[in-house]
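These notes concern the structure reproduced below.
The values are calculated or read from the model by the stated rules, or taken from the named source; none is laboratory data. The structure displayed is predicted, hence computed values, not measured ones. We place every Cβ from the backbone using ideal geometry, glycine too, and count neighbours over all the protein chains shown.
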Amino acid sequence: MSLVRVHNFSISLDGFGTGEPQSLEAPFGHAGERLHRWMFATRFWGEGGSSGVDDALAQRHSVGIGAEIMGANKFGPPGWQDDPDWTGWWGPEPPFHTPTYVLTHRPRPPLEMEGGTTFHFLDTTPAEAVETARAAAGDLDVRLGGGASVIRDFVAAGLVDHLHLVLVPIVLGRGSRVWDGLEALEDEFDVEAVSSPSGVTHLTFTRRK
């Protein structure tokens, strides 16, 4: 059976995956780009970037993925459901190149983009979303893209096999937190921590068989 994987999801020291308030002008709220500067400095993000530990772990994001699941707040700013012309943050050719399932209480028809990405809008449970994405992924894995509340819900439901979080040395104080309700997470996963010269720590949780 294919795995459900999370990669390159950045969180603050106090566990927030985004700040607030989120908007079209500020997708990550008051956090701005601070959670993701480590990634912007890597070859994974663009030519001329670093090739160290941050890049090596970031590159795993794109290997062996056949479908993606994301929450409504990753697809667009609050209120995007009221804009029939909204097609996501990524322009005409999104970076997913697979069937991509957007969880929303207001589904709309599928949206086929350039480069192999088709957005499907589902009002369903985490378990049903995984079942649908696995069917589309075939022998490949399913990537869970976030945001924080989506990752939290899928982990709590026992649906995530591999969880890569990047602990960034900032304190946000408010926003959407990953850890709420996940007490004793370490009892279900093998945990590995890798520190980087950039100042971030890569936390990898692998579900025990």
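Scanning the range 14-30 for residues that are within 20 Å of residue 150 (Cα to Cα), among the polar types (S, T, N, Q) and surrounded by fewer than 14 Cβ atoms within 10 Å (Cβ to Cβ) turns up at least one hit.
Looking only at the range 57-91, which residues are closer than 17 Å to residue 124 by Cα and of a type in the set (Lys, Arg)? Spell out how you get there, then give the answer.
Here is the first cut: in the range 57-91, the ones closer than 17 Å to residue 124 by Cα are 67-75, 81.
Result: 74, single match.
Evaluated against (1) in contact with a Leu (Cβ under 9 Å, 6 or more places away or on another chain); (2) part of a strand (DSSP E or B), residue 143 falls short on exactly one condition, (1). Within the set of pairs 6 or more residues apart or between chains, which connect a residue that is more than 27 Å from residue 209 (Cβ to Cβ) inside the range 171-190 to a residue that is acidic (Asp, Glu) and exposed (fewer than 14 other Cβ atoms within 10 Å of the Cβ) with Cβ atoms less than 7 Å apart? From residues that are more than 27 Å from residue 209 (Cβ to Cβ), the pairs are 171/14; 172/14; 173/14. Filtered by the rule that a residue be more than 11 Å from residue 78 (Cβ to Cβ) and assigned to a loop (DSSP other than H, G, I, E, B), the range 27-40 gives 28, 32, 33.
Going by the conditions given, is residue 130 closer than 28 Å to residue 29 by Cα and among the hydrophobic types (A, V, I, L, M, F, W, C)? Considered against the rule, which asks whether it is closer than 28 Å to residue 29 by Cα and among the hydrophobic types (A, V, I, L, M, F, W, C), residue 130 comes out as no. The condition of being part of a loop (DSSP other than H, G, I, E, B) and among the polar types (S, T, N, Q) does not hold for residue 149. With respect to residue 2, is the statement that it is among the small types (Gly, Ala, Ser) and within 13 Å of the chain's Cα centre (by Cα) true? Taking the combined requirement at face value, the residue does not satisfy it. Working only within the range 83-133, note down all residues that are of a type outside the set (A, V, I, L, M, F, W, C), surrounded by 19 or more Cβ atoms within 10 Å (Cβ to Cβ) and assigned to a strand (DSSP E or B). Across the range 83-133, the qualifying residues are 99, 100, 101, 120.
When restricted to residues that are of a type in the set (A, V, I, L, M), more than 21 Å from residue 31 (Cβ to Cβ) and either under 19 Å from the mean Cα position of the chain (by Cα) or surrounded by 15 or more Cβ atoms within 10 Å (Cβ to Cβ) (or both), the range 156-190 contains 5.
Can you tell me which residue is farthest from the chain's Cα centre (by Cα) among those in the range 5-26 that are among the charged types (D, E, K, R) and part of a loop (DSSP other than H, G, I, E, B)? Before you say what the answer is, go through the steps one by one.
Taking the range 5-26 and keeping what is among the charged types (D, E, K, R), we get 5, 14, 20, 25.
With part of a loop (DSSP other than H, G, I, E, B) added as a condition, the list becomes 14, 20, 25.
Values: 14: 18, 20: 17, 25: 20 Å.
This residue is 25.
Which pairs turn up if I take residues in the range 58-80 that are over 15 Å from residue 151 (Cα atoms) and look for partners that are of a type outside the set (S, T, N, Q) and in a helix (DSSP H, G or I) with beta carbon separation below 6 Å, at least 6 apart in sequence or on another chain? Between residues of the range 58-80 that are over 15 Å from residue 151 (Cα atoms) and residues that are of a type outside the set (S, T, N, Q) and in a helix (DSSP H, G or I), the close pairs are 58/39; 66/137; 67/133; 67/136; 67/137.
Sort through 107, 77, 99 and tell me the only one that's at pLDDT 95 or above, out of contact with any strand residue (DSSP E or B) (no Cβ under 7 Å at 6 or more places or on another chain) and more than 30 Å from residue 195 (Cβ to Cβ).
Details: 107 fails: out of contact with any strand residue (DSSP E or B) (no Cβ under 7 Å at 6 or more places or on another chain); 99 fails: out of contact with any strand residue (DSSP E or B) (no Cβ under 7 Å at 6 or more places or on another chain).
Step by step, each of 107, 77, 99 is checked, and only 77 is at pLDDT 95 or above, out of contact with any strand residue (DSSP E or B) (no Cβ under 7 Å at 6 or more places or on another chain) and more than 30 Å from residue 195 (Cβ to Cβ).
Looking only at residues in the range 41-82 that are touching a Gly at 6+ places or on another chain (Cβ under 6 Å) and assigned to a helix (DSSP H, G or I), which one is surrounded by the most Cβ atoms within 10 Å (Cβ to Cβ)? Taking the candidates together, the pick is 75.
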